[in-house]
Amino acid sequence: MSSPAPRANAAPVTRYHADREQLAEVLAGQPRYRLDQVWAGLYQRFETPDELSNVPKALRADLTAALPEALQLVTEQISDRGDTVKFLWELHGGSRIETVLMLYPDRATVCVSTQAGCAMGCGFCATGQAGFTRQLTTGEIVEQVIRAARRARELERRVSNVVFMGMGEPLANDAAVWATVERLHGDVGMSARHLTISTVGLVPGIRRLAERPLPVNLAVSLHAANDRLRDELVPINKRYPLAELTEACADYLRAKNRRLSFEWALIDGVNDRPSDARELAAISRRLPLPAHVNIIPLNPTPGWPTRGTPRAGVEEFRSRLEDLGVNVTVRRNRGTDIDAACGQLAAGQPVVLSTLRARPDTD
Ligand code: SAH
Ligand code: SF4
């Protein structure tokens, strides 16, 4: 048995990159029912080829060799409260990315990376500070979910939600992100309503997403509701200013009839003023369905001098928005003790690595 040949210009065939056709190539000469058996093992039971107990031993070994994992575990960290697990992976070629598993009483969510680094240059974001290295493949994104789901199972939990909110800009790698959505929906069996794509506001990407069949949730990282401030915080706003962005959001809502959320990293003295609340409420009201605002008090990162709004200011901003009729949630910071909170993912910071304990790979 040999590895399936990658298609022209295609990414290497890793365990969760191979589609059914490529797996069929690997299984050439085997009875036809093997394909379903192996596929169900990989996607429904999250088994490694080695664990496929209904498959002959020799074939298991062949499958392990033909379908290598894309992610090598470097470290795993668990937050003090035990409700957040952060994985640092090394990819083929040496880049490193992170994945976060968050355990809530009513759900378990995996936050996946879509790029190694990010080219969007938002100054307050640790990933943005590190710059762009490369796109992730479908196999690399899907495998983050599966490996986190295996870990969740060890903790007697089932992953119910996936958010594309880790390192990178999902809509700058939307072919791989969409293929991942289809795999999670069609093969793992997750509902599109439990999948959320977060974007910095790439208008053409939002428009492409509106044309896709599955109604995934869209989160737009707004952070400022006037162009002067947004140009500063989110440089891509100069290319896709607020008027264009809100029009694309309105069209997405009309196409999908799904709730849209705006992410707002609250920065002390920068975007937490009464005028910011008024401008944000005005944008939200102009949409066909009112947006839901998620406030995330800015998490500190090494390369950005400004601090998050203190607790009292967060409450004031929240109640101001509520008075203006906006639905608001303040997102509890999770995993800040292990740098697993929003915007803190920046694989390979030496200070982090030196304090971690390596956990043996599960496979
Ligand atoms: N690139 C996408 C998804 C990854 S970032 C996006 O920008 O939406 C995930 C979320 O974390 C975004 O809302 C982003 O603005 C936010 N974020 C980045 N740095 C942050 C920080 N230091 N504190 C709080 N939120 C941050
Ligand atoms: Fe990239 Fe999102 Fe970070 Fe901006 S906030 S640099 S788009 S990952």
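Listed residues Ala24, Ala28, Ala61, Ala40; which is without any contact (Cβ under 8 Å) to a residue 40 or more places away in the chain and closer than 16 Å to Gly186 by Cβ?
Going through Ala24, Ala28, Ala61, Ala40 in turn, the sole match is Ala40.
Given the criteria surrounded by fewer than 20 Cβ atoms within 10 Å (Cβ to Cβ) and within 14 Å of ligand 1 (Cβ to nearest atom), does Gly128 qualify?
no
Could you check, for the range 137-144, whether at least one of its residues is away from ligand 2 (no atom under 16 Å from the Cβ) and of a type in the set (Gly, Ala, Ser)?
Yes, the conditions are met somewhere in the range 137-144.
Here is a list: Ala130, Ala148. Which entry is out of contact with any helix residue (DSSP H, G or I) (no Cβ under 9 Å at 6 or more places or on another chain), at negative phi and within 12 Å of ligand 2 (Cβ to nearest atom)?
Exactly one residue qualifies, and that residue is Ala130.
So, of the residues in the range 287-340 that are closer than 21 Å to Arg258 by Cβ and part of a loop (DSSP other than H, G, I, E, B), which turns out to be nearest to ligand 2 (Cβ to nearest atom)?
Here the residue is Arg331.
What residue, among those in the range 46-83 that are exposed (fewer than 13 other Cβ atoms within 10 Å of the Cβ) and not in a helix (DSSP H, G or I), is nearest to the chain's Cα centre (by Cα)?
Gly82
Restricting the first residue to the range 88-104 and requiring it to be polar (S, T, N, Q), which pairs with a second residue that is buried (at least 17 other Cβ atoms within 10 Å of the Cβ) and in a loop (DSSP other than H, G, I, E, B) meet a Cβ separation below 8 Å and a spacing of at least six or different chains?
Ser95/Ala347; Thr99/Val112; Thr99/Ser113; Thr99/Gly166
Among the numbered conditions (1) small (Gly, Ala, Ser); (2) away from ligand 2 (no atom under 16 Å from the Cβ); (3) under 13 Å from the mean Cα position of the chain (by Cα), tell me where Ser113 comes up short.
(2)
Report, by residue number, each residue of the range 18-43 that is polar (S, T, N, Q) and not in a helix (DSSP H, G or I). It would help to see each step written out before you state the result.
Taking the range 18-43 and keeping what is polar (S, T, N, Q), we get 22, 30, 37.
Result: Gln30, single match.
Within the range 86-93, is there a residue that is at negative phi, in a helix (DSSP H, G or I) and either crowded, with 17+ Cβ neighbours inside 10 Å or within 16 Å of ligand 2 (Cβ to nearest atom) (or both)?
Let us first name the residues in the range 86-93 that are at negative phi, namely 86-92.
Subsequent filtering for residues that are in a helix (DSSP H, G or I) retains none.
No, there is no match, as no residue in the range 86-93 is at negative phi, in a helix (DSSP H, G or I) and either crowded, with 17+ Cβ neighbours inside 10 Å or within 16 Å of ligand 2 (Cβ to nearest atom) (or both).
What pairs come out if I take residues in the range 339-353 that are among the polar types (S, T, N, Q) and pair them with residues that are buried (at least 23 other Cβ atoms within 10 Å of the Cβ) and modelled with pLDDT of 80 or more whose C-beta lies under 6 Å away, six or more apart or interchain?
Gln344/Ala126
The values are calculated or read from the model by the stated rules, or taken from the named source; none is laboratory data. Given the structure is predicted, the values throughout are model-derived calculations rather than measurements. Methodologically, a virtual Cβ is constructed for each residue, glycine included, from the backbone with ideal geometry; neighbour enumeration extends over all protein chains shown.
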